[in-house]
Amino acid sequence: MTSLRYQLGDTGPAIAEIRSKLTQLGLLDDTAPGPETFDEDVDRAVRHFQQERGLTVTGTVDATTYRVLDEARWRLGDRLLSYVVTNPQAGDDVIALQRRLSELGFDVGRVDGVFGTRTGDAVRQFQRNVGIPADGTCGPSTFKALGRLAPIVTGGRPDNLRASEALRQAGKRLPGKVVVIDPGHGGADRGNSGDGFDEASVVEDLAARIEGRLTATGVQTYLTRGPGAEASPTESERAAFANDTDANLLISLHVDAHDNPEASGVATYYYGGHQPGTTSAIGEQFAGLVQREVVARTDLVDCRSHGKTWDLLRHARMAAVRIELGYLTNEGDAARLADPDFRDVVAEAVVIAIQRVYLPSSEDAATGALRIHDLATH
Ligand SMILES: [Zn+2]
């Protein structure tokens, strides 16, 4: 990815293009094309767009924001859709297609706006069902057939219902479950830094503590990067790694930083944007459990759980959570993070949250009540 970056004060033809995209989305009202300045109005529109799309709100158009801006312009029927191995199609039209197929009872996996193999299979199945050539490509006849049929699935999102059912069937026993732990930084990539230590050292150590506890309960664990590994995978590569392991859950570990030393607390993130039908209900549940267990067992400020469309969350097929465990730039949080006992408490909170994902509601305990020896290990 190039270091694409446009912000307040920039000028040029690229800005004119960004303005026209924002106008198309109704976020800016340029009546005549041509303005080439990234002004206050553009800044506001970009922030608004980032907010509603689950991106980090910066007001800067970076590569990710640019890509999502571009994906947002597609309406179902605007272009042919099919599975392209090398460069899968992505956009709002793919979200519309996945939602439609899902309502009609076809399994597209999660509604993520990326035309992958599973979406292609669902399209072929749909085409066979309505008696049109099953080539997996959505063209005019497929769009027409999609528009004609009334939804057969009502009362809940089929993709989420399927995911909950799979979870229920997995049972509460931990042995045999597969969890991927993602230390967000390591090697040459040190992440955020604070007074005397950095994000990579915290998340690598925390990953080891979580891994040790999970392994002791019989959970199969994988790390997206081994201790001491130099390579720094991208968010999508980390998600792809987790997908390859067929993991049930993915937890990505980070520590935050801020210019304002007052900023403090723990937040968790799951896959979700503003478009209806895209939030991962299981991800939201898992993030809520991690959030509540960590808050109940520590004195970190509760910055709550939020839906985001970051690549790791978007591309992971399993319930995925990213935790931002405190701020290295906050004196109180940094002191906690430096304390091995604190890290143990957090590791325990994460393991308990993982167990609670699988507990039927009749057996679920109050937040903060379960201990490691309560886990269903056999
Ligand atoms: Zn980080």
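A few comments on the model shown:
- Residue within the stretch 343-350 that is open to solvent by 40 Å² or more (accessible area, probe 1.4 Å) and either more than 29 Å from GLY171 (Cβ to Cβ) or outside the structural domain of GLY196 (by TED's automatic domain parsing) (or both) present: no
- The stretch 228-257 - residue that is assigned to a strand (DSSP E or B) and closer than 26 Å to ALA334 by Cβ and, of those, most open to solvent (accessible area, probe 1.4 Å): ASP256
- Selection count where residues are open to solvent by 10 Å² or more (accessible area, probe 1.4 Å) and assigned to a loop (DSSP other than H, G, I, E, B), scope the stretch 301-328: 5
- Enumeration of residues in the stretch 211-227 that are closer than 28 Å to THR329 by Cα, away from the ligand (no atom under 16 Å from the Cβ) and crowded, with 16+ Cβ neighbours inside 10 Å: GLU211
- Residue selected from the stretch 193-210 under the condition closer than 20 Å to VAL178 by Cα and hydrophobic (A, V, I, L, M, F, W, C), by the criterion nearest to the ligand (Cβ to nearest atom): VAL203
- Subset tally (residues that are buried (at least 17 other Cβ atoms within 10 Å of the Cβ) and within 20 Å of ASP92 (Cα to Cα)) for the stretch 258-276: 5
- Count of residues meeting criterion [crowded, with 19+ Cβ neighbours inside 10 Å and either assigned to a loop (DSSP other than H, G, I, E, B) or aromatic (Phe, Trp, Tyr) (or both)] in the stretch 67-92: 5
- Residue-level check: of (1) open to solvent by 40 Å² or more (accessible area, probe 1.4 Å); (2) among the β-branched types (Val, Ile, Thr); (3) in contact (Cβ under 8 Å) with a residue 12 or more places away in the chain, VAL57 misses just (3).
- Only residues that are assigned to a helix (DSSP H, G or I) and more than 20 Å from ALA163 (Cβ to Cβ) were counted in the stretch 329-369, giving 20.
- Residues in the stretch 93-121 that are assigned to a loop (DSSP other than H, G, I, E, B) and under 22 Å from the mean Cα position of the chain (by Cα): ASP107, VAL108, GLY109, ARG110, VAL111, ASP112, GLY113, PHE115, GLY116.
- Within the stretch 9-19, the residues that satisfy the criterion of being over 27 Å from the mean Cα position of the chain (by Cα) and open to solvent by less than 60 Å² (accessible area, probe 1.4 Å) are GLY9, ASP10, GLY12, ALA14, ILE15, ALA16, ARG19.
- Some residue of the stretch 19-37 being on the phi > 0 side of the Ramachandran plot, of a type outside the set (Phe, Trp, Tyr) and either touching a Leu at 6+ places or on another chain (Cβ under 7 Å) or in a helix (DSSP H, G or I) (or both): no
- Considering the stretch 238-262, and only residues there that are among the charged types (D, E, K, R) and closer than 27 Å to TYR327 by Cβ, the residue that is nearest to the ligand (Cβ to nearest atom) turns out to be ASP256.
- The residues of the stretch 20-33 that are touching a helix residue (DSSP H, G or I) at 6+ places or on another chain (Cβ under 8 Å) and either open to solvent by 50 Å² or more (accessible area, probe 1.4 Å) or closer than 16 Å to ARG73 by Cα (or both), listed by number, are LYS21, LEU22, LEU25, LEU27, LEU28, ASP29, PRO33.
The values are calculated or read from the model by the stated rules, or taken from the named source; none is laboratory data. As the structure is a computational prediction, the values presented were derived from the model and not from experiment. For neighbour counting, all protein chains shown are included, and Cβ atoms are generated from backbone atoms with ideal geometry for every residue, glycine included. Ligands, DNA and RNA are excluded from the accessible area calculation, which covers all protein heavy atoms including side chains. Shrake-Rupley method; radii C 1.70, N 1.55, O 1.52, S 1.80 Å.
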